[in-house]
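The values are calculated or read from the model by the stated rules, or taken from the named source; none is laboratory data. If you're wondering where the values come from, they're calculated on a predicted model, not measured in any experiment. Using ideal geometry, Cβ is built from the backbone for each residue, glycine included, and neighbour counts are taken over all protein chains shown. We work out accessible area using only protein heavy atoms, side chains counted, and drop any ligands, DNA or RNA first. Shrake-Rupley method; radii C 1.70, N 1.55, O 1.52, S 1.80 Å.
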Amino acid sequence: MTTQRVTVFGGTGFLGRRLVERLARAGCAVIVAARHDGEIAVPDASGTIVFRRTDVRDADDVAAALDGADAAVNAVSLYVERHGLSFEAIHVDAAARIARQAAEAGLRLVHVSGIGVDTRSDSAYVRARAAGENAVRQTHPDAVVVRPSVLFGPDDAFSSSLRMLARLPVVPLFGRGETRLQPVHVDDVAEAMARILERGITGATFELGGSGVHRYRDLVRAALDAAGRHPPRVPVPFALWRALSALLAVLPSPPLTRDQVILLETDNIVGEQAQTFAALGIEPRDLLRFLTQGR
Ligand SMILES: NC(=O)c1ccc[n+]([C@@H]2O[C@H](COP(=O)([O-])OP(=O)(O)OC[C@H]3O[C@@H](n4cnc5c(N)ncnc54)[C@H](OP(=O)(O)O)[C@@H]3O)[C@@H](O)[C@H]2O)c1
């Protein structure tokens with residue numbers, strides 16, 4: 001193990017928490033940096049976990065969170081712009097701030113982004129993620145960028161939404177349900193990130209997808225099969241989904257956003273040339289098995 005003390009920005013989140021637990025079990029001293037205290041307890045940890053209240057928009061907070069660390073991870077996310085928080089502030093400006101301060105302090109950095117980032121996307125979220133990656137690479141050329149596909153695992157949003165479809169009398173599909181997805185288990189991504197830190201890998205980009213590439217409609221069918229229900233499935237054009245998401249945007253917590261619709265319009269799979277789990281000796285799990293067997 002080369003890394004002893006790691007600051008995990010977003011260490012209370014769905015992915016960040018898994019990484020914090022994995023690192024603490026391996027004996028690391030982990031600093032969890034987020035705005036709200038999370039309840040992370042790792043029964044058999046040989047390392048330590050401390051929480052430092054941090055808003056990544058504040059340079060002093062970021063400096064305090066990095067103090068004493070050997071490496072940093074940025075697993076902060078914002079999926080909906082609200083309460084004055086913008087994608088630009090979190091995914092570009094704060095990402096660059098963390099990268100700059102980590103580079104100045106001589107710390108290694110793992111920056112979490114996502115498969116499919118594109119500066120020309122229709123989605124403000126996807127454009128900001130792409131700009132954030134560029135800013136991180138310019139500021140901290142040794143940083144490792146990790147791009148997961150959609151995450152699944154206990155209590156995740158994606159497979160929960162698939163399971164909920166079984167309760168509907170009619171299941172509306174995104175378009176004809178032909179978009180290809182490669183959902184990845186959150187623990188597999190956390191394991192990959194831990195190995196990147198442990199092996200001292202620098203200056204690389206990893207795209208992390210699960211073992212199976214599936215069309216959206218096949219994932220829906222698997223979720224319905226698992227529930228033993230087979231309501232009719234109806235194709236719904238993406239233009240209608242975009243219109244619906246525009247209406248839902250007035251809600252404080254919209255169940256569907258324009259950015260999510262746009263993400264589902266394009267295949268979200270690991271690139272043919274991309275460096276992925278195999279380089280880290282990990283065999284990722286498959287969402288189909290998780291939907292049918294729960295693991
Ligand atoms: N979930 C997916 O399917 C998926 C797919 C591909 C890529 N990713 C990427 O994976 C990473 C982690 O995603 P996730 O789903 O685990 O996110 P998440 O569950 O929403 O967690 C976000 C984390 O960021 C922290 N955070 C948010 N705003 C902050 C701020 N201003 N200052 C400090 N901390 C802040 C949150 O804590 P506080 O709110 O308490 O501050 C929380 O710990 C993100 O980069 C995301 O884009 C996720």
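See the values below:
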| read-out | value |
| --- | --- |
| Close pairs (6 angstrom Cβ cut-off, 6 or more residues apart or separate chains): farther than 9 Å from residue 216 by Cβ and free of Cβ contacts under 8 Å to residues at least 24 places away in the same chain in the range 168-188, open to solvent by 10 Å² or more (accessible area, probe 1.4 Å) and part of a loop (DSSP other than H, G, I, E, B) anywhere | none |
| Matching residues in the range 5-25 - criterion: being more than 13 Å from the ligand (Cβ to nearest atom) and of a type in the set (A, V, I, L, M) | 6, 23, 24 |
| Options 107, 162, 85; residue that is modelled with pLDDT under 95 and over 29 Å from residue 212 (Cα atoms) | 85 |
| Out of 53, 129, sole residue that is open to solvent by 40 Å² or more (accessible area, probe 1.4 Å) and free of Cβ contacts under 8 Å to residues at least 60 places away in the same chain | 53 |
| Residue within the range 206-219 that is outside any helix (DSSP H, G or I) and open to solvent by 80 Å² or more (accessible area, probe 1.4 Å) present | yes |
| Unmet criterion (only one of (1) in contact with a helix residue (DSSP H, G or I) (Cβ under 9 Å, 6 or more places away or on another chain); (2) surrounded by fewer than 18 Cβ atoms within 10 Å (Cβ to Cβ)) for residue 60 | (1) |
| Top-ranked residue of the range 31-49 - restricted to ones that are within 15 Å of the ligand (Cβ to nearest atom) and part of a strand (DSSP E or B), ranked as surrounded by the fewest Cβ atoms within 10 Å (Cβ to Cβ) | 49 |
| Selection status of residue 174, away from the ligand (no atom under 13 Å from the Cβ) and farther than 17 Å from residue 19 by Cβ | yes |
| Qualifying residue in the range 195-202 (condition: more than 20 Å from residue 116 (Cα to Cα), among the small types (Gly, Ala, Ser), touching a residue at least 12 places away in the same chain (Cβ under 8 Å) and open to solvent by 40 Å² or more (accessible area, probe 1.4 Å)) | no |
| Some residue of the range 232-250 being within 17 Å of the chain's Cα centre (by Cα), among the hydroxyl-bearing types (Ser, Thr, Tyr) and open to solvent by less than 60 Å² (accessible area, probe 1.4 Å) | no |
| Residue 64 vs. criteria of a type in the set (A, V, I, L, M) and more than 19 Å from residue 19 (Cβ to Cβ) | yes |
| Selected residue (only one of 117, 112 is within 14 Å of the ligand (Cβ to nearest atom), in contact (Cβ under 8 Å) with a residue 40 or more places away in the chain and on the phi < 0 side of the Ramachandran plot) | 112 |
| Among (1) farther than 28 Å from residue 19 by Cβ; (2) surrounded by fewer than 20 Cβ atoms within 10 Å (Cβ to Cβ); (3) at pLDDT 95 or above, the one test that residue 281 misses | (1) |
| Filtered residues of the range 72-117 (kept if within 27 Å of residue 183 (Cβ to Cβ), open to solvent by less than 50 Å² (accessible area, probe 1.4 Å) and assigned to a loop (DSSP other than H, G, I, E, B)) | 75, 76, 78, 80, 85, 113, 114, 115, 116, 117 |
